[in-house]
Amino acid sequence: VMNAQLYREAMEKAAKLGIVVLAHCEDKNLVNGGVMNEDEHARELGLKGITNSVEDIIVARDIMLSHDTGAKLHLCHCSTEDSVMMVDLAKQKNVKVTAEVCPHHFTLTSDDIVEGDTNYKMNPPLRTKEDRKALLEGLKNDVFDVISTDHAPHTMVEKGVSMKSAPFGIVGLETSVSLTITELVDKGWITPMQMAEKMSYNPAKILHLANKGSLKPGKDADVVVIDPKESYVIDVKDFVSKGKNTPFQGK
């Protein structure tokens, strides 16, 4: 929603009804045809870039409106260094804000993008090493409450075009647990308990799903059992999802 007054009115209604507002923070007017992060690699590939300010401006606006209206705000798929700083500051000021990071953003950077491979095209885009480091610190210090997938399946036909023409998005469900263990738990950024909180308990709490996110008697028994020492190679042929568009093939 680009109209701040309309957004404010919606937040006021959400606050009265106790509804959480989930925000995709993107200033549509600033995107300007960008397809990946605006940096040296984008220039090398001859592609239009998406600046951090595309996300940061709306993060700032939404936090301020949450503060003004008392609405509960959840920021989806944060990707920038300044998003971490703003969420941290908002929490210090007791703004009702929670936020999430996706595995692709805490695992990959813009430098990893392979020329012509549209499986690396996502929104928000993969950012810089500095942004990734800030996201990791934010996860470690519980600035971020949730690890989400931003699961966006597309057909091979849809993705089988140029970077400029392909839709944004990658599949995330079937790689989210393994990437979180490999990149965060095994490397000491978060504990196994933090992983459980960010992938299960906190999402259920934020979305008011009373029967989810806990192993207590009477709760829904939708349980995942993990052998954290088991290793495997990611192969899209083994995916249950019809979506095969992942940059993690072969890892």
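The values are calculated or read from the model by the stated rules, or taken from the named source; none is laboratory data. In this text, all values refer to a predicted model and were calculated from it rather than measured experimentally. Backbone-built Cβ (ideal geometry, glycine too); neighbour counts: all protein chains shown. With ligands, DNA and RNA removed, areas are computed over all heavy atoms of the protein, side chains included. Shrake-Rupley method; radii C 1.70, N 1.55, O 1.52, S 1.80 Å.
Counting only protein heavy atoms and using a 1.4 Å probe, the accessible area of MET156 comes to about 130 Å². Taking every C-alpha pair closer than 8 Å and separated by at least 6 residues, the mean separation divided by the residue count of the chain gives a relative contact order of 16 percent. Put simply, the amide H of THR128, placed in the peptide plane, has neighbours under 5 Å in SER110, leaving out anything fewer than 5 places away on its chain. Segment THR182..LEU207, full-extension length gain: 6.3 nm, with 0.36 nm per residue of separation and the alpha-carbon distance subtracted.
Counted over all Cα-Cα pairs of the range 117-188, pairs farther apart than 21 Å make up 35 percent. 3J(HN,Hα) along the range 160-169: x, 10, 6, 4, 5, 9, 5, x, 6, x Hz, from the Karplus curve 6.51 cos²θ - 1.76 cosθ + 1.60 with θ = phi - 60°, whole Hz, x for Gly and Pro.
In terms of its C-alpha gyration tensor, the range 130-251 has a prolate overall shape, because the principal axis ratio a/c (a ≥ b ≥ c, square roots of the eigenvalues) is not below 1.5 and a/b outweighs b/c. Here the simple spin-label model places points 7 Å from the Cα toward Cβ, and for LYS242 and LEU30 these points are separated by 3.6 nm. Each of GLU158, GLU40 has its accessible area taken with a 1.4 Å probe; listed largest first, they run GLU40, GLU158.
Counting only residues at least eight positions apart within a chain, or on another chain, the lysines with an alpha carbon under 18 Å from that of LYS13 are LYS72, LYS96. With the charge dipole of the chain set up from +1 on Lys and Arg Cβ and -1 on Asp and Glu Cβ about the Cα centre, the Cα lying farthest toward the positive end among the listed residues LEU22, ASN52, SER165 is that of LEU22. Among the aspartates and glutamates, which have Cα under 15 Å from the Cα of LYS198 when same-chain residues fewer than 8 positions away are ignored? Filter leaves GLU100, GLU137, ASP142, ASP145, ASP150, GLU183. Taking all protein chains together and a 1.4 Å probe, the residues TYR201, TYR7 rank TYR201, TYR7 from largest to smallest accessible area. Shape class of the chain from the Cα gyration tensor (axes a ≥ b ≥ c, square roots of the eigenvalues): oblate, since a/c reaches 1.5 or more and a/b does not exceed b/c. Taking amide H positions as modeled 1.01 Å from N, with prolines and chain starts lacking one, the residues under 5 Å from HIS151 and 5 or more places away or on another chain are GLY172. Annotation: amide H of ALA99 within the under-5 Å range of LEU75, ASP145, VAL146, sequence separation 5 or more or interchain, hydrogens built in the peptide plane.
Rounded if a/c is under 1.5, else prolate if a/b is larger than b/c, else oblate: which is the range 1-90, with a ≥ b ≥ c the root eigenvalues of its Cα gyration tensor? Cα axes put the range 1-90 in the prolate bin.
For the residue pairs LYS121/LYS242; LYS129/LYS187; LYS93/LYS216; LYS164/LYS205; LYS28/LYS242; LYS93/LYS133, the C-alpha atoms sit more than 27 angstrom apart in LYS93/LYS216; LYS164/LYS205; LYS28/LYS242.
For the range 1-153, the Cβ-based charge dipole about the Cα centre amounts to some 660 debye (Lys, Arg positive; Asp, Glu negative; other atoms uncharged).
Largest mean-square fluctuation among LYS121, LYS16, LYS129, in a Gaussian network model of the chain whose springs join Cα atoms under 10 Å apart, belongs to LYS16. Counting heavy atoms of the protein chains alone, ASP227 has an accessible area of about 90 Å² for a 1.4 Å probe.
A straight line joining the Cα centroids of the range 20-84 and the range 200-251 runs 26 Å. Computed with the Debye formula from one identical point scatterer per Cα of the range 77-198, without solvent, the log10 of I(q)/I(0) at q = 0.09, 0.23 Å⁻¹ comes to -0.26, -1.33.
Largest accessible area first, the residues VAL185, VAL59, VAL224 order themselves as VAL224, VAL185, VAL59 under a 1.4 Å probe with ligands, DNA and RNA left out.
Fully extending the segment from GLN5 to SER231, taken as 0.36 nm per residue of separation minus the present Cα-Cα distance, adds 76.3 nm.
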